Amino acid sequence: MIRFERAVKRYGDKTALADLSLEIPAGTLFALVGPNGAGKTTAIGLLTGLLAPTSGRTFLAGIDVARDPVAAKARLGFVPDRPYLWPKWTPRETLRFVGAVFARRGPELEDRIDVELAAFDLTEFSSQRNETLSHGTRQRVALAQAFLHDPDVLVLDEPMVGLDPLAQRGLTERLAAAAAAGAAVLLTTHQLALAEEIATVAGLLVDGRLVARGTPRSVVTKTGRTGTLSEIFFDLAGGTPRP
Amino acid sequence: MNRVFRANTLRASGRVLLAGDARGRLAAMAGLFALLMFLGLEMAGLEGALRASRAALGELREIRPAFLLERLLAGAFAAALILGFLGSLTTAIGTLFLSEELAALSTLPFPHRRLVLRQAVLTLVLASAPTLLLAAPALLVAAGAGGRPILAFFSGVLPLAGVILLAGAAGIAAALLFVRVVPPRRARLLAAFLSATGLAVALLGFRAARPERLLDPLEALSVVTRLGTAPLSPPGLNPAAWAARAATRGLFGDAGGLLPGAALFLSGLAAFLLVPRALWRLHLHVFRDARPGVARAAGEKHRGPEARSLAIVLLRAEAASLLRDASTPAQLGSLAAVFLLDLMNVRLLPGADASARDLVAGLQTGLSLFLVSALSLRFAYPSVSLDGRAALVLRALPLDPRRQLLARWAVRALPATGIALALTGASLLVLRPTGATSAVALLAALVGGLAIPALHVGLGGVFPRYDAPNAVTVALSTGGVLVLVFSTGLSLLATVAVSDDLRLLLGALLKMHLPAWPFITAFLISATAAAITPLALAASSLMTRDIAIG
C-alpha cells in the first residue's frame, strides 16, 4: 500500500534520505521513529508529493506519486506536522471543503462530518473560527479531515503533538481500527513507548538511513542491543537523553 | 478551487465584517468608509476636471481632444502595465512559493496545473487591486460623460482587462523563472527591491520632466497645443498604445474601438492562461525543491558592549528587528526617492511673493509630516503585529508592555523627527518666511515627528495582526487605513497652524477671523493626545486582551 523504492533526497551536499526502500502493506500500522533531523518528515514529504525525490520512487496504494499524483493523493489521508487550517473558516467548513474535494456531497457528507466532529470531540467547536481554536483542537480538526473520506493510506507526521491523553487514546484506537479495516498507516512519533504499544511494525531512521525495521521488539533485537525501543533510540541518538 | 471553497471564503469574509469583535468591526467599517470616500473624491475630482477641460477645449479649436485623450490614456495604460508587471512579480513569489495554503492544498488530490492557475488568479487579483481602485472611478466617469455610456464603458474595460492580464502573465512567468535560480525568500526581497527602485526611478524621472511647467498658463497652453495637434504614431506592438487607441475610439462613440479592445483582452487572457499551462511543471519542480535560505543576522558576531539597563536591551532589540526586516531596504529605497523629490521641490519654491512663501511654508510642513505618516505606516504601525508568535512569549515575560512600546516608539520616532525637521528646515531656508512662521513650522515638525510614530505604534498595538505574513499586509489592513486618516488629519492641522495665508483663505470661506494660536494649541493638544492615548490603550490592551495566534 505504501512503498518507497530506493528513494533518495539530497539538498546540495546534504543527504536527507539515503536509498530508502520500504513497503508497508495494507492493514499495517507502521511507526517511523528517529531523532530530530533523521529524515522522517522528508520521507513523508516524498510520499505526499510535497518533495520530489532526487532519485527513486514512492507509491501510494500502488500508484506512483510522481507519475499520477492526483490519483495517488485521492487515496491518502494526511496530517502534517504543522497542519494548515484556513484561519477564518470554521472546523465544519474545513471538513465540508475537504469532503467535497474527495467527491463527498450532500446529506451523506454532512452526516459524516457530524460523526467525525463527535469522534474527535469537536462538536462544540464546529462553528468557531479555526484561528480561535487551541493548538490541540486544531490538531483534532486536522485529524478529522484526514479520516473523513476513509482513505486507503493514512500518513501522519507527529499526530500526537498537542493532544491530551484522552485524545491520544482515541486516536490510537482510530488508527488501530483503520489498520484493521485494511488501511496502511504510517506515522512518525517521538513517543517511543506509544510506538511500541500500538505499532505492528516499526522502523528506526537515523541520519537518513533506515537502520532497523520489524516489530518493535525485533527492531531492538536487530540493532544488537538490549533494552526497550526507547533505550535503543537514546543509544543511537547520542547516548544520553537531551533536555 | 471548488464551490464549497468559494462559499466558505465568502462566509468567512462576511464574518470578519459583521461578526468580529467591536474593535475589529470598527476598524473594518472605518476602512470601508475611507475607501468609499477615496472613490467619491476621485470621481468628483475627475468630473470637475472633465468639465473644466471641456470648457477650455471649446475655446481652442485647433486642438483635437481625441489626440490629447489617447496620449493621456497611453501613459495611464503604460503605467498600469509596468505596475502590474512589478506587482505580479513580487506577489507571485509569495503566492506561488511561500504560501502555507498552497502547501496544504498540494497534499489534496488537485492537479498541480489547477493549483498553479488558482495561485496565478490570486496573484492577479492582489497585484491589480491598486490599478483597479484608481481605474474604476475613471471608467465610470468617462462612460457617463459620453453619449453612448455602455459602449464607452466596455471600450475602456476590455483594453484595461487586457493590459492587466498581460502584465500579470509576464510578472508570474518572470517570478517562476526568477525562483528557478534564486531561493524564494531572497527572490522576493530582490523583486521588492527591483519594484521599489523602478518606482523610485519613475518618480524621479517624472519630476525631472518638470511637470510644474503646467502650472504656468502659457507653458501649459504650449504643451497642450503640441500634444493636441500632432497625430499619434501607429501602436505597433505596444499593448498600452493599442489599449489607448481602443479606449479613445470607444469613449468618442466609435463602436469600432470594441474590436481592438476585445482583441487585446483575448490576447491577455490567452497569455494569462498559457503561463500556468506551460510552466506548471517548472513550478512543481521548483516548489518541491525550494528550501528557504538561512539568513544569518547581520552583525551577530559583533555583540557590542554589554547593555547596562533593560531600556538599552529593549532599544537594541527594536533596532535589530527593524534593520533585519528583509523588506526594509527596498521600501526605504522608494521612501528615499520621495525624500529626494521633496528636496528637488525646494529649489523651485517661490522666493519673491511673501504671501506665497508663507503658504508654501505651511504646505511643506504638512508634506514633511505626511512623509512621516507614510514612514510610520510601514515601520511603526506593524511593529507590534510583527512579533507574530513571539507575542505569546512576550506576554509570558515579566516585562511591562509600556516599556516595550516606548522602546518601539523611540527607535522609530528618532529618524522620523530627523526627516521632518530636515525637510521643513530645508524649505524654510529657501522660503525665508517670517520668524513666527518659521518657529511654528519647526515646532510642528518636531512635535509631529514625535507624535505620529507614537500614534502608529499605539494603534498598531490596539489592532494587532499577529498572523499577518508581512508588514505591508498589516499596514494595508483596515486599522492601517484608520491610522493613516488620523495622521494625515494631524498633518493638515499643522499646515493650517503654520500658514497665516491659508488661515486667511479659510477665514474668508468661513466668514470669520482665524488667528494662529487656537490652531497651534489645537495642533499641540491633538498631537499630544494622539501620541499618549493610543500608547496607553495599547499598553492596557497588550496586558489584558486575549491573544489568538495561528
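From a point 7 Å beyond the Cα of residue B:133 in the direction of its Cβ, which residues of the stretch B:460-482 have a backbone N at a distance under 16 Å?
Within reach of a label on residue B:133: B:471-482.
Counting Lys +1, Arg +1, Asp -1, Glu -1, what net charge surrounds residue B:506 among other residues with beta carbon under 15 Å of its beta carbon? Write out the running numbers ahead of the final one.
On the way: positive: B:503, B:511; negative: B:358, B:500, B:501.
Result for the neighbourhood of residue B:506: -1.
Express in whole angstrom the spacing between the alpha-carbon centres of the stretch B:82-143 and the stretch B:450-471.
Using only Cα atoms to place each centre, the spacing works out to 26 Å.
Fewest Cβ neighbours within 10 Å first, please rank A:153, B:182 accordingly.
Numbers: A:153 24, B:182 16.
Ascending Cβ contact count within 10 Å gives the list B:182, A:153.
If we count every other residue with Cβ under 12 angstrom of residue B:540's Cβ, Lys/Arg +1 and Asp/Glu -1, where does the sum land? Write down the numbers at each step before the final one.
Details: positive: B:402, B:545; negative: B:400.
Around residue B:540, the surrounding residues sum to +1.
Once you have the Cα-Cα distance between residue B:36 and residue B:55, take 0.36 nm times their residue separation minus that, and quote the gain in nm to one decimal.
Working: separation 19, 0.36 × 19 = 6.84 nm, distance 2.88 nm.
Between residue B:36 and residue B:55, full extension yields an extra 4.0 nm.
Amide H to amide H under 5 Å from residue A:2: which residues, 5+ apart in sequence or cross-chain, H placed 1.01 Å off N in plane?
Amide H neighbours of residue A:2: A:24, A:61.
Quick one: net charge of residue B:252's neighbours, Cβ under 15 Å, K/R +1, D/E -1?
Overall, the nearby charge balance is +4.
Give a residue-ordered list of calculated ³J(HN,Hα) values for the stretch A:169-175 (Karplus: 6.51 cos²θ - 1.76 cosθ + 1.60, θ = phi - 60°; whole Hz; x for Gly, Pro).
Result, ordered by residue: 5, x, 5, 4, 5, 5, 5 Hz.
So for chain A, taking the charge dipole from beta-carbon charges (+1 Lys/Arg, -1 Asp/Glu), which of A:84, A:24, A:206 sits furthest toward the positive end?
In chain A, that residue is A:206.
Contour minus end-to-end for residue B:219 and residue B:312, with contour as 0.36 nm per residue of separation and end-to-end as the Cα-Cα distance?
Working: separation 93, 0.36 × 93 = 33.48 nm, distance 5.67 nm.
That works out to 27.8 nm of additional length.
Would you mind ranking A:149, B:285 so that the residue whose beta carbon has the fewest other beta carbons within 10 Å leads the list? List each step's numbers first, then the result.
On the way: A:149 20, B:285 13.
Lowest count first: B:285, A:149.
How far is it, in nm, from the label point at residue B:145 to the one at residue A:105 when both lie 7 Å from their Cα along the line to the Cβ?
Roughly 5.1 nm, to one decimal.
I need the calculated FRET efficiency for the pair residue B:544 and residue B:323, taking r as the beta carbon distance and R₀ as 30 Å, to the nearest 0.05. Show your work: numbers first, answer last.
On the way: r = 31 Å, r/R0 = 1.04.
Result of the calculation: an efficiency of 0.45.
For the protein assembly as shown, what is the percent of antiparallel DSSP beta bridges, rounded to the nearest 5? Mind showing how you got there, number by number?
Working: 19 of 36 bridges.
Beta bridges within the protein assembly as shown, antiparallel portion: roughly 55 percent.
Zone of residue B:202 (label point 7 Å along Cα→Cβ, backbone N under 11 Å): which residues in the stretch B:165-195?
B:195
Search the structure for amide H atoms under 5 Å from the amide H of residue A:186, placed 1.01 Å from N in the peptide plane, and list their residues when 5 or more places away or on another chain.
For residue A:186, the qualifying residues are A:30, A:154, A:155, A:156.
Take the Cβ-Cβ distance between residue B:7 and residue B:177 as r, set R0 to 35 Å, and report the resulting FRET efficiency rounded to the nearest 0.05.
On the way: r = 36 Å, r/R0 = 1.02.
E between residue B:7 and residue B:177, to the nearest 0.05, is 0.50.
How many lysine pairs does chain A hold where the Cα atoms are under 26 Å apart and the two sit 8 or more places apart or on different chains?
Values: A:9/A:40; A:9/A:73; A:9/A:222; A:14/A:40; A:40/A:73; A:40/A:222; A:73/A:88.
Close lysine pairs found across chain A: 7.
How many percent of DSSP beta bridges within chain A run antiparallel, rounded to 5?
Working: 19 of 36 bridges.
So the antiparallel bridges amount to about 55 percent of the total.
Readers should treat all values here as calculations from the given coordinates under stated rules, not as data from a laboratory. On a predicted model such as this, the values are computed, not experimentally measured, just so you know. Don't worry about glycine lacking a Cβ; one is built from the backbone with ideal geometry, like all the others, and counts go over all protein chains shown.
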